[in-house]
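Have a look at the structure below, then the notes.
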Amino acid sequence: MISNKWAKLIKSLHLKKYRKTEQLFFVEGEKAVLEVLASDWTVRALFATENFIAQQPNAIKTAQLVQACSSDELVKNGTFSSNDAALAVVEMPQWSAFSAKADSWTLVLDNINDPGNLGTIIRIADWYGIKHIVCSPDTADCFNPKVIAAAKGSFLRVQLHYLPLAEVLADASMPVYGAYLGGENVHQLQLPNIGGYIVLGNEANGISAITGEWVNRKITIPAFGAAESLNVGIAAAVICDNLLRLSASTPAAALK
């Protein structure tokens, strides 16, 4: 069984203030738990079904505590509607201060509220090899269980930094691209150099006026139908695909 002490702790980690206080969060489901066990992140405790424990004798050795429990207990204490594998309590990583690297892309999120959208964007960043995301302080917490679930294992490979966006972009030495409904066609962009910042705005209101002051290239995804807008996760994927593809196909000499 999951002891009362651990059950109470896991329940508290559903809330941001307790995650911040404890510097802990939890990961659910077989694939994500196996990825975190295989990483260098510290797994404080692993709660798993006997079947999972029997099938993963080597993986579970990296957890500081391993405790068998039923799938019903995993569901009761976690957020999944079904979980017949495991739940891991994990220490938050201590990332270095953000510093943009030349010739690299950085996603910038301006008040992205929906945890599912944030998790999807983390996964997209991982797919395109983007290692850093800068978030406004009011963006959803990256250790929210819904974010972790949507990101799958990608939260292990992408670092998120919560900073005042205007301060970060004011010091930008590379182009700042902002996603707007009106702007340069992302399919036809000419890149002045490889790398830069890609700013995505709030699901309902877009990029804020304060952040928008630092955008020096407005870009848009052209519509071929009548939909009013795109989900921010889908927009992130389309923009990343175009900019990274252009970067890969543009000779370095052409950028000088």
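Full-extension gain between ASP84 and ASP171, please, as 0.36 nm times their residue separation minus the C-alpha to C-alpha distance. Before the final figure, lay out the partial values.
On the way: separation 87, 0.36 × 87 = 31.32 nm, distance 4.80 nm.
In short, 26.5 nm is gained.
Using a probe radius of 1.4 Å on heavy atoms only, what accessible surface per residue do you get for the chain? Whole Å² is fine. Mind dumping the intermediate values first?
Working: 12950 Å² over 256 residues.
Per residue, the chain has 51 Å² of solvent-accessible surface.
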**Prompt:** Along the positive direction of the dipole of region 56-212 (beta-carbon charges: Lys, Arg +1; Asp, Glu -1; about the Cα centre), which of ALA170, GLY206, VAL158 reaches farthest?
**Reply:** VAL158
**Asked** Counting each DSSP H run of 4 or more residues in the chain as -39500 (n - 2.57), what helix-only mean residue ellipticity at 222 nm follows after dividing by all residues, to the nearest 500 deg cm²/dmol?
**Response** -9500 deg cm²/dmol
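Of all the Cα-Cα pairs you can form in region 96-247, what percent are over 25 Å apart? Please report the intermediate quantities before stating the final value.
Values: 2287 of 11476 pairs.
Summing the P(r) of region 96-247 above 25 Å gives 20 percent of all pairs.
Computed over the Cα atoms of region 118-170, what is the ratio Rg over Rh, Rh following Kirkwood? It would help to have the intermediate numbers written out before the result.
Details: Rg = 10.9 Å, Rh = 11.2 Å.
So for region 118-170, dividing Rg by the Kirkwood Rh gives 0.98.
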**Prompt:** If region 91-137 were replaced by its equivalent ellipsoid, with semi-axes equal to the square roots of 5 times the Cα gyration tensor eigenvalues, what would those be, largest first, whole Å?
**Reply:** 18, 14, 12
**Asked** Given the Cα-Cα distance of LEU246 and LYS11 and 0.36 nm per residue of separation, how much length would full extension add, in nm?
**Response** 80.1 nm
**Prompt:** Treating the beta-carbon of each Lys and Arg as +1 and of each Asp and Glu as -1, no other charges, what is the dipole magnitude of region 84-146 about its Cα centre, to the nearest 20 debye?
**Reply:** 180
**Message:** Report the Cα centroid-to-centroid distance between region 53-71 and region 23-44 in angstrom, as an integer.
**Reply:** 12
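Please compute the alpha carbon radius of gyration of region 149-191, then divide it by the globular-protein estimate 2.2 N^0.38 Å. Two decimals is fine.
Details: Rg = 14.8 Å, N = 43, 2.2 N^0.38 = 9.2 Å.
Dividing the Cα radius of gyration by 2.2 N^0.38 Å gives 1.61.
What fraction, in whole percent, of alpha-carbon pairs in region 185-240 exceed 18 Å separation?
Working: 566 of 1540 pairs.
When all Cα pairs of region 185-240 are counted, 37 percent exceed 18 Å.
Counting only Cα atoms, I'd like the Rg/Rh figure for the chain, Kirkwood definition for Rh.
Details: Rg = 20.2 Å, Rh = 19.6 Å.
Rg divided by Rh gives 1.03.
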**Complete:** Expressed in angstrom and rounded, the centroid-to-centroid distance over alpha carbons for region 83-101 and region 192-238 is 27
**Asked** Looking at this model, which pairs from LYS5/LYS131; LYS16/LYS101; LYS31/LYS61; LYS16/LYS218; LYS146/LYS218; LYS17/LYS76 are more than 28 angstrom apart at the alpha-carbon?
**Response** LYS5/LYS131; LYS16/LYS101; LYS16/LYS218; LYS146/LYS218
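Could you please state how large a percent of the accessible area of region 82-201 is carbon and sulfur, counting protein chains only and using a 1.4 Å probe? Intermediate values should be presented prior to the final figure.
Values: 2370 of 4880 Å².
Whole-percent figure for carbon plus sulfur exposure: 48.
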**Complete:** The Cα extents of region 45-168 along the principal axes, largest first and rounded to whole Å, are 49, 27, 23
**Item:** Where labels lie 7 Å past Cα in the beta-carbon direction, separation of ASN216 and ALA97 in nm
**Value:** 2.3
**Item:** Degrees separating the helix 115-127 axis from the principal Cα axis of the chain, which is the longest one
**Value:** 70
**Asked** Given C-alpha coordinates of region 1-80, what is the ratio Rg to Rh with the Kirkwood estimate of Rh?
**Response** 0.94
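The values are calculated or read from the model by the stated rules, or taken from the named source; none is laboratory data. Note that the structure is a prediction, hence the values are computed from the model and not measured. Virtual Cβ from ideal backbone geometry, glycine too; neighbours counted across all protein chains shown. With ligands, DNA and RNA removed, areas are computed over all heavy atoms of the protein, side chains included. Shrake-Rupley method; radii C 1.70, N 1.55, O 1.52, S 1.80 Å.
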